[in-house]
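Chemist: The structure that follows is given in the form of structure tokens.
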Amino acid sequence: MSKKPFYITTPIYYPSGNPHIGHCYTTVACDSIARYRRMQGYDVKFLTGTDEHGLKIEQKAKEKGVTPKAYVDEIVQIFQSLWKTMHISYDQYIRTTDDYHIETVQHIFRTLYDKGYIYKGEYTGKYCTPCESFWTPSQLDENGCCPECHRPVTEAKEEAYFMKMSPFADRIEKLLLETDYLQPKTRAVELVNNFIKPGLEDLCVSRTSFTWGIPVTFDEKHVVYVWIDALSNYISALGYQNHAFHDFEKFWPADVHMVAKDIMRFHAIIWPAMLMALDLPLPKHLAVHGWITFNGQKMSKSMGNVVDPFLLSERYGADAIRYHILREMALGADSSFSNEIMINRINSDLANGLGNLVSRTVAMVDKYFGGTLPTERQPGAFDDELQAAALGLKEKLESLLDNTQLNLMLAEIFQVVSRANKYIDETAPWILARDDANRIRLATVLYNLLETIRMVSVPLSAFMPETMPKIWAQIGASEADVQYETLTQFGKLPADVTVQKGEILFPRIDVDKEIDELNQLILASAPKETPEAPAYTPEPLAEEIAIDTFGQVDLRVAKVIACEKVKKSKKLLKLQLDDGMGGRQVVSGIAPWYQPEELIGKKIMLVANLKPAKLCGVESCGMICAADMPDGTVRVIFPDTELPVGAKIR
Ligand code: MSP
């Protein structure tokens, strides 16, 4: 019987800067789904790639003095090497500069024109260059800026082609409100109210003010609007209207397009309209997730050094990073990133939870039975409960997967891990081992543990593909023992299984030491001031003074590079500051009013020539200015963000 096809896609990324951990989320999530579906026996096609045209790329290449193609070629390599590092098992990597994609886009544009959906007109309106998006005045934010990224928009007026959107409005509204196309559904109402109810406006689909794009075949001074170009990737990759591939019949419509919320509109309105205009079936699901935020903001390139996925996976392993970001993000909501939360999670779930379960179990089989279990069994208390937990996993996971709730899948799996660790405490194998009469019961307990490890490791291999084969080697599981179908069977490992002690899977991380080291790395790699900012030489530091001699106080602007709570203190935060003079550490009694993450990236006012002091044993070189609120709380003073670090405050 031929396998059922399953087609899943990530967005195609702009190669306009290095990828960051925010980019990793969608790709890791799609990879985990693709791996899970392959395990279930689907014929999976997993597509990712890069969206390489547009004004932004043209401008960046010009700044660097290279051609746009040379510019993107370099960054695409970095993306591809990141996906290798993160064990992304894509089946195809599409680049919108690939010939076959260009062929498809040109064909689509021509077809829509021939069908009368595209017509020529004049565009006057607002354009956001970073987002490559046109906006009508009513869509701008309260400051008249781009409603997505809140940066200034420019006035644009030019001859352009437009795509009629109104013929599709009713069908799109039904798609969003009456089907389960959009996950989570809550976002559908918001889209309908904001974009469809006020009247779906025709979309400007060509540009003449730059050239780095796909030319319109019948009017060569126009290039195709980047979103028409980009969205078409999902079908050009299958060979729709090109000669390179022949998978369209097999894989279209897509099973899942996964995107973050900022590009939901394009996938929920424009993409369905394009497909309707082409008389093509619509994708089955659009899974929309929130952002990985840092300091409450969407993570962006400028913060890349704080959470560089290459650096993190080198330090903790790609699987730990994959686990952390997937576990933290609930579909639809944002998830706030912090190094401290990540390290604590690695320690608690991976080192203490899963890693410990495997190493304790294997060590006990080794110690009490020389590595090979005897075949006799003696069931006992707690066995049924453990088995039921392991056997119950498959059904729960499948239903969560259908709703793209990957964080909850991991939560379910780790509940079984916890159950198994509890089973060790309940059955106390080390006590059983004291009396030879308990030998068979002891073997049964250890076998049950090995089986539970096997049963959690099979679904986990979709999420942590590097670690699970290591576990299988340790617990003596063969390839046949870890097939997906075996999840219905408790007792698949051979009765006389032989274990193999191996390396520690997730070494425990010393949180304080690690955070300190990360802070050092961050400080060392922090962008000093943006190269475009005017050069600024801070004045020499004033002579050391006592705090009451106010006139002599040397106040400076500084930027918070890292921040954490001081252990054993409810009041103190420890901040690493870039002060334009090599960096320093300050301790401040503001913990009751600020979370460390809220302060990272912010500029503050620093009393820079205060005599160093120790607070709770931690050295503080300066003081942060704050003011009292009438209600007794305290607020830090945040100066104008444009002030350079090191600036003297007079
Ligand atoms: N090129 C378009 C997509 C075209 S798809 C036909 C684009 N590229 S992007 O590189 O800017 O973003 C790609 C995806 O990464 C988007 O879904 C975007 O929201 C996501 N993310 C970028 N930063 C992110 C976070 N900080 N957190 C989670 N996802 C983030 O948009």
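The values are calculated or read from the model by the stated rules, or taken from the named source; none is laboratory data. Quick caveat: nothing in here was measured; it's all calculated off a predicted structure. Virtual Cβ from ideal backbone geometry, glycine too; neighbours counted across all protein chains shown. In case anyone asks, the SASA skips ligands and DNA or RNA and just uses the protein heavy atoms, side chains included. Shrake-Rupley method; radii C 1.70, N 1.55, O 1.52, S 1.80 Å.
Chemist: So which of Gln415, Gln405 ends up being surrounded by 18 or more Cβ atoms within 10 Å (Cβ to Cβ) and out of contact with any Pro (no Cβ under 8 Å at 6 or more places or on another chain)?
Modeler: Result: Gln405 is the single residue among Gln415, Gln405 that is surrounded by 18 or more Cβ atoms within 10 Å (Cβ to Cβ) and out of contact with any Pro (no Cβ under 8 Å at 6 or more places or on another chain).
Chemist: Something else now. When you look at Asp73, is it assigned to a helix (DSSP H, G or I), away from the ligand (no atom under 16 Å from the Cβ) and either farther than 24 Å from Met258 by Cα or not β-branched (Val, Ile, Thr) (or both), yes or no?
Modeler: Considered against the rule, which asks whether it is assigned to a helix (DSSP H, G or I), away from the ligand (no atom under 16 Å from the Cβ) and either farther than 24 Å from Met258 by Cα or not β-branched (Val, Ile, Thr) (or both), Asp73 comes out as yes.
Chemist: Which one of these does Glu485 not meet: (1) touching a residue at least 12 places away in the same chain (Cβ under 8 Å); (2) open to solvent by 10 Å² or more (accessible area, probe 1.4 Å)?
Modeler: Unmet for Glu485, out of (1) touching a residue at least 12 places away in the same chain (Cβ under 8 Å); (2) open to solvent by 10 Å² or more (accessible area, probe 1.4 Å): (1).
Chemist: Being of a type in the set (D, E, K, R) and closer than 18 Å to Leu191 by Cβ is the filter; apply it to the range 241-272 and report the residue that is nearest to the ligand (Cβ to nearest atom).
Modeler: It comes out as Asp262.
Chemist: Since Tyr316 meets every condition but one in (1) open to solvent by 10 Å² or more (accessible area, probe 1.4 Å); (2) more than 17 Å from the chain's Cα centre (by Cα); (3) of a type in the set (Ser, Thr, Tyr), which condition does it not meet?
Modeler: (2)
Chemist: Quick check on the range 392-410. Is at least one of its residues in contact (Cβ under 8 Å) with a residue 24 or more places away in the chain, farther than 30 Å from Ile292 by Cβ and not basic (Lys, Arg)?
Modeler: No; the residues of the range 392-410 include none that is in contact (Cβ under 8 Å) with a residue 24 or more places away in the chain, farther than 30 Å from Ile292 by Cβ and not basic (Lys, Arg).
Chemist: Let me ask something additional. Hey, among the residues in the range 29-45 that are in a loop (DSSP other than H, G, I, E, B) and touching a residue at least 40 places away in the same chain (Cβ under 8 Å), which one's most open to solvent (accessible area, probe 1.4 Å)?
Modeler: Ranking the candidates gives Gln40 first.
Chemist: What residue, of Leu280, Leu238, Leu275, Leu231, is in contact with a helix residue (DSSP H, G or I) (Cβ under 6 Å, 6 or more places away or on another chain) and either open to solvent by 10 Å² or more (accessible area, probe 1.4 Å) or within 14 Å of the ligand (Cβ to nearest atom) (or both)?
Modeler: Leu231
Chemist: Does the range 506-522 include one or more residues that are in contact with a Gly (Cβ under 7 Å, 6 or more places away or on another chain) and at pLDDT below 90?
Modeler: No, the range 506-522 contains no residue that is in contact with a Gly (Cβ under 7 Å, 6 or more places away or on another chain) and at pLDDT below 90.
Chemist: Which of the residues that make up the range 7-28 are part of a strand (DSSP E or B) and either open to solvent by 10 Å² or more (accessible area, probe 1.4 Å) or among the basic types (Lys, Arg) (or both)?
Modeler: Those that are part of a strand (DSSP E or B) and either open to solvent by 10 Å² or more (accessible area, probe 1.4 Å) or among the basic types (Lys, Arg) (or both): Pro11, Ile12, Tyr13.
Chemist: Answer yes or no as to whether Lys120 is more than 16 Å from the ligand (Cβ to nearest atom), more than 29 Å from Lys298 (Cα to Cα), assigned to a strand (DSSP E or B) and out of contact with any Lys or Arg (no Cβ under 8 Å at 6 or more places or on another chain).
Modeler: yes
Chemist: Quick check on my filter: what residues within the range 241-258 are surrounded by fewer than 19 Cβ atoms within 10 Å (Cβ to Cβ) and in contact with a Pro (Cβ under 6 Å, 6 or more places away or on another chain)?
Modeler: Result: Lys250, Pro253.
Chemist: For the range 196-223, what are the residues that are open to solvent by less than 40 Å² (accessible area, probe 1.4 Å), not in a loop (DSSP other than H, G, I, E, B) and not aliphatic (A, V, I, L, M)?
Modeler: If the condition is that a residue be open to solvent by less than 40 Å² (accessible area, probe 1.4 Å), not in a loop (DSSP other than H, G, I, E, B) and not aliphatic (A, V, I, L, M), then Cys204, Ser206, Arg207 are the ones that fit.
Residue-wise test of (1) part of a loop (DSSP other than H, G, I, E, B); (2) at pLDDT below 95; (3) open to solvent by less than 70 Å² (accessible area, probe 1.4 Å).
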| residue | (1), (2), (3) |
| --- | --- |
| Pro152 | yes, yes, no |
| Lys157 | no, yes, no |
| Phe168 | no, no, yes |
| Val189 | no, yes, no |
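Chemist: Within the group Leu386, Leu350, Leu357, which residue is open to solvent by less than 60 Å² (accessible area, probe 1.4 Å) and closer than 30 Å to Asn519 by Cα?
Modeler: Selected residue: Leu350, the only one of Leu386, Leu350, Leu357 that is open to solvent by less than 60 Å² (accessible area, probe 1.4 Å) and closer than 30 Å to Asn519 by Cα.
Chemist: Out of everything in the range 46-64 that is closer than 16 Å to Ser209 by Cα and basic (Lys, Arg), what residue ends up being most open to solvent (accessible area, probe 1.4 Å)?
Modeler: Among those that are closer than 16 Å to Ser209 by Cα and basic (Lys, Arg), it is Lys62.
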